[in-house]
Amino acid sequence: MIDFDATVCRDIAASTSREWLETNGLGGFASSTIAGMNTRRYHGLLVAAIRPPTERAVLLSKLEETLVVDGARYELATNRYPQSIHPQGYTLQTGFCLAPFPISTFRSAGVEVEKTVFMLYDENTTVIRYRIRPNAGQRIEFEIRPLLAFRDYHSMAHANPDARFPLEFEQRLLRISSQTAPYHLLLAHDAARIVVDGAWYKNFELAEEQARGFDFTEDLFNPCTLHFEATGEARFDIIASTERRDVRDADVFERRERERRSRIAVELAVDGDEFVGALCVAADQFIVRRGENLHTIIAGYPWFTDWGRDTMISLTGLALATHRFNTAREILLAFAAHLDRGLIPNRFPDAGDQPEYNTVDGTLWFVHAIGEYLRRTRDEQFVRQHLFDKLKQIIDWHERGTYYNIRVGSDGLLHAGADGVQLTWMDARIGDWVVTPRRGKPVEIEALWYNALRTVEELAQLFGDEPAYVHCRTLADTVHASFNEQFWNEDASCLYDCVGSDGVPDPALRPNQIFAVSLPHALISGERARLVVAKAERELLTPYGLRSLARDDKDYCACYAGDSHARDGGYHQGTVWAWLIGPFITAYLKIHERTPESVARARGMLSGFREHLSEAGLGQVAEIFDADPPHTPRGCIAQAWSVAEILRCELEEFR
């Protein structure tokens, strides 16, 4: 349980730097800071996935609460306006915990208020529960003002005097629509009465948006105020949903959701390890439905959808290590269905447009994921029936040449690159400027290509496809020889990061070379592997992952901050990526032969993440960290491959 007392809650900097996240298995979510002050455009009590897992919309931004005790009013909400914070409900906050839901507690005039927020699985539904504990004889009123955004989650809401939000009243149910946006919201409640307000609250300032150099001022619409009354201890509930729900079912919903999460936490947590249990719950938040019958993986909250590369890298830790094999099958099928010229999609856009295929590594990670699936399940029938022909198509298209000049050269190595296109995981682009183009033959692409060839070779042998077996074996042998001839940097005792289209190698020290050791079919071994791992440990390893560039490089960026140009310019120029700790640990244990000492040392490399679960995205692992100490967490507050690789190590590498 993550728990903070009044000291943290009443420190506005500390309480707004910690964010909670609830998800619903559809791509929708609820999120805010522990102070209840929204600091991002993505914060809201109901961010619904209208077409799972995309078309996400902020419907209910927040609820503002006023406690009225014997006629005196106490505001529990916290907002930032120009040059002021108003109201200052955080000064009345006595605690916050995840147990397992976000629970905030307040105290004023002798009255305790407890607020619990959780989402229902497989629904765009958020339940908000209040428990009021007054002193004997106190007369309590409680006012709740819903603040609506009714907008796409990437945009911002601004006051529109012509906007109309029609209200429809039923017993314990309020339907709110919009005449200018294709959204509606159903509020199930047990209020004593409702007063129609119809007012805009203007100039909310979102601090994180301001820090990121974006538009940071928003207006929200208050359609009404819900009034509750009590003379003793009472509970008030509100259910915000896109569906009709009965507020009297709140107890059932809470019990069901607590049981579901408890099962996730305890089934795989070894020896009652709370850290592993927390990671299992975190992992569940990324696995969401795509369409009616298949699943996919959200790359990160709050702004990413499902990306092919991220999904395939994350699949092993999120689905296979956790024994969610049915889910893994559905994910593989979902992406296999969109294979185009030998490539899986890099990204499914929010608006439902055609998938984008600008990735050279996503498909190779797809092949890797299939190999890992088969290693753990021995489900030969599924792979043979649904995926083996796809794999042969992938090899064929890569040899013939596919999008973005992705093709095999005469040396057997994989070449890729086109003007203005970012194809590797180091994919930052600012306008037409690709920050790390890495055109030609990037080191991890060759490692993944070799691993893919050996994987298909094994499958061809297993399935009795002699031509495919001989072809992949021969080509893989060529790749191995060419790679070891072209990529070893004798002067630096490590691998080049990329051999350019002009044949000139790039000596920049980056973490990509670790995959030549960590993948199941490694391109280097022995002394070379030992030197590569030692170099990465000495120059790139931090308590939160690997730096994306060595500190002595002229392009090194120590801090990921500023506007979008500054951030994107430093995204892969030193910034620490948490997910890279997984392949590093795998490579480390390979060269150290998995002794008790090396396992203990590797496990210690994850110790920083135990504290991290309580410092940014609560119960989650951030996307990136600053390159220099104190390694401030940045980017998405919850990143799939960060959680996946740490969890994979905990469940498999250390067991």
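A few comments on the model shown:
- Multiplying the residue separation of residue 610 and residue 418 by 0.36 nm and removing their Cα-Cα distance gives an extension gain of 65.0 nm.
- Legend: calculated FRET efficiency, residue 566 to residue 196, from the Cβ-Cβ distance at R0 = 45 Å, rounded to 0.05, equals 0.45.
- Computed lengthening from residue 354 to residue 256, 0.36 nm per intervening residue step minus Cα-Cα distance: 31.5 nm
- The GluC sites (Glu not before Pro) of the range 445-536 that meet both conditions, a loop assignment by DSSP and at most 11 other Cβ atoms within 10 Å of the site Cβ, are 490.
- Point-to-point label distance, residue 131-residue 378, nm (Cα→Cβ direction, 7 Å offset): 4.9 nm
- Against the chain, whose longest principal axis is taken from its Cα atoms, helix 274-284 shows a tilt of about 90°.
- Cα centroid of the range 426-450 to Cα centroid of the range 265-315, whole Å: 26 Å
- Surface accessible to a 1.4 Å probe, per residue, for the residues of the range 263-398, Å²: 35 Å²
- Here the range 317-357 is scanned for amide nitrogen atoms under 16 Å from the site 7 Å beyond the Cα of residue 396 along Cα-to-Cβ, giving 339-344.
- Approximating the spin labels as points 7 Å out from Cα along Cα→Cβ, the residue 654-to-residue 293 distance works out to 4.0 nm.
- Helix 443-462 and the long axis of the chain differ in direction by around 80°, with both axes built from C-alpha atoms.
- Inter-label distance, residue 486 to residue 410: 1.2 nm, where each label sits 7 Å from its Cα along the C-beta direction.
- Net length available on complete extension from residue 112 to residue 527 is 143.0 nm, with 0.36 nm assigned per residue and the Cα-Cα distance removed.
- Under 18 Å from the Cα of residue 590 - lysines, other chains or at least 8 residues apart: 535
- Point-charge dipole on Cβ atoms (K/R +1, D/E -1) for the range 213-368, about Cα centre, debye to 20: 600 debye
- Here r is the Cβ-Cβ distance between residue 5 and residue 274 and R0 is 22 Å; the resulting FRET efficiency, rounded to 0.05, is 0.70.
- The chain, relative contact order in percent, only Cα pairs under 8 angstrom and at least six apart counted: 11 percent
- Whole-percent pair-distance distribution, where bins are 5 Å wide, for the alpha carbons of the range 515-655: 2, 11, 20, 22, 20, 15, 8, 3, 1, 0
- Taking a straight Cα-Cα cut-off under 29 Å and skipping sequence neighbours fewer than 8 places away in the same chain, the lysines within cross-link reach of residue 62 are 115, 202.
- Taking a sphere under 11 Å around the Cβ of residue 206 and counting the other residues whose Cβ falls inside, with K and R at +1 and D and E at -1, yields a net charge of -1.
- C-alpha long axis of helix 466-486 to longest principal axis of the chain, angle in °: 90 degrees
- Nearest-0.05 FRET efficiency for residue 325 and residue 167, computed from C-beta distance (R0 41 Å): 0.30
The values are calculated or read from the model by the stated rules, or taken from the named source; none is laboratory data. This one's a predicted model, so the numbers in the text were calculated from it and none came from an experiment. Note that we place each Cβ from the backbone using ideal geometry, even for glycine, and neighbour counts take in every protein chain shown. Only protein heavy atoms, including side chains, enter the accessible area calculation; ligands, DNA and RNA are left aside. Shrake-Rupley method; radii C 1.70, N 1.55, O 1.52, S 1.80 Å.
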